[in-house]
Structure formats: structure tokens, C-alpha cells
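Heads up: the structure comes next, in C-alpha cells.
The values are calculated or read from the model by the stated rules, or taken from the named source; none is laboratory data. It should be emphasised that the depicted structure is a prediction, and the values quoted were computed from it without experimental measurement. FYI the Cβ positions are ideal-geometry reconstructions off the backbone, even for glycines, and counts take in every protein chain you see. All accessible areas refer to the heavy atoms of the entire protein, side chains included, with ligands and DNA or RNA removed. Shrake-Rupley method; radii C 1.70, N 1.55, O 1.52, S 1.80 Å.
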Amino acid sequence: MDTGFDLEQLLEEGNRIRVKPQGYSMYPLLVPGRDEVVIEQEDPSRLRRGDVVLFRREGSILVLHRICRRCGDDFFMVGDNQKQIEGPIGSTQIKGKVTTVIRGGRTISVENQLYRMYSSIWLCLRPLRPMLSKMAHCLKTLFRGKKGLHNHL
């Protein structure tokens, strides 16, 4: 059974759905196993750069990615942990829009100014993401090493 079609049907019927994203394509904004999102059906004409949408790849799977740019009824998407832009994605492929992020029981509206600012900056940094990810990994490794060293002193 393809639960994706069940999700699509629920959205078409006007339901809000709450899902736990899988995979790391939307990291660091969405962490699998930690975060949940609420998705609602949205009129594609109201979608804008920075919105996170659920769409079905042509003849394939449902994907949750951010709108990088829009040209008429065509959308170009990118995961927050990716550099490559995917598209064009037709408006009929879009099934819903993330309206809320749930982290540790706390709800964050995607209309929240801090959320919009963070996601906008992260979207602009798309070409630098591989370098930023490597730097973050190096810093984490460095601080973990110092913490371990400090505990042994």
C-alpha cells in the first residue's frame, strides 16, 4: 500500500496532516526522528519562494522540499541540505504546504518572522552549503574532542 496516495487524498479532502519527515534532505531545519510538520492543501498561486511544500515527483515518490524559485506555474525546489535545484515541478504536482514545524512539543508557525528570516538566509546560502556543512562537522568534532579531553583532566 502506498501511503503517499492516502496522504494526497486526505489533503485533497481539506484535512491537515501531521507527519514525521524522513531522510536528511531538509536538515538542519527538519531533523528526522526529532521534528514533525503539519501540512495543509494550498492554492499554488499563493506559494512563494521559501515555502516548504509536499510534491510528487513525476511518476515517483512524495518529497518535502523548499521552493527556490518560481516561473509562472513551474516551481524549482531544493532541500535545505542540498545544493542541486530540482525542477520544473508543475503546480499540479504540489500536494500541500508545511504550515507548522513541531520540535520537542513546541509549535513553530512558518509565518514566524524568525523562521522566515532563517529559512531565507539558508536559501540564499545554497551555493555555500557543502562548505558550511564541512565546517560545522569539523567544529562539532573539535568541540567533542575538547570536551572529552576536559573530562579526562
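The accessible surface of the chain, taken with every protein chain in place and a 1.4 Å probe, is 55 percent carbon and sulfur. Other residues lying with their Cβ under 14 Å from the Cβ of residue 75 contribute a combined charge of +3, Lys and Arg counting +1, Asp and Glu -1.
Only sites in a loop by DSSP and with at most 15 other Cβ atoms within 10 Å count here; which chymotrypsin sites (Phe, Trp or Tyr not before Pro) in segment 13-85 make the cut? Answer by residue number: 24. Available extension along the chain between residue 27 and residue 48 is 5.5 nm, counting 0.36 nm per residue and deducting the alpha carbon span. For segment 1-75, what is the Kirkwood hydrodynamic radius in Å, using each pair of distinct C-alpha atoms? For segment 1-75, the Kirkwood estimate is 13.4 Å.
Computed from Cα atoms, the angle from the helix 3-12 axis to the main principal axis of the chain rounds to 60 degrees.
The base-10 log of I(q)/I(0) for the chain, evaluated at q = 0.12 Å⁻¹, reads -0.55 [Debye formula, identical scatterers on Cα atoms, solvent excluded]. Multiplying the residue separation of residue 112 and residue 10 by 0.36 nm and subtracting their alpha-carbon distance yields 34.1 nm. You can think of it this way: the chain between residue 18 and residue 86 has 22.0 nm of extra reach, that is 0.36 nm per residue less the Cα-Cα gap. For the residues 131, 117, 77, a GNM of the chain with alpha-carbon springs under 10 Å puts the largest fluctuation on 131. Overall size of segment 57-123 from C-alpha positions, given as principal axis extents largest first: 35, 22, 22 Å.
Of the GluC sites (Glu not before Pro) found in segment 21-106, those that fall in a DSSP loop while having at most 10 other beta-carbon atoms within 10 Å are 58. Among residues other than residue 35 whose Cβ falls under 15 Å from its Cβ, what is the net charge (Lys/Arg +1, Asp/Glu -1)? Local charge sum for residue 35: +4. Under the combined filter of DSSP loop state and at most 15 neighbouring Cβ atoms within 10 Å, segment 41-107 retains these trypsin sites (Lys or Arg not before Pro): 48, 49, 57, 83. For segment 64-130, the relative contact order works out to 24 percent when only alpha carbon pairs closer than 8 Å and six or more residues apart are counted. Average accessible surface for segment 45-101: 45 Å² per residue, computed with a 1.4 Å probe over protein heavy atoms with every protein chain in place.
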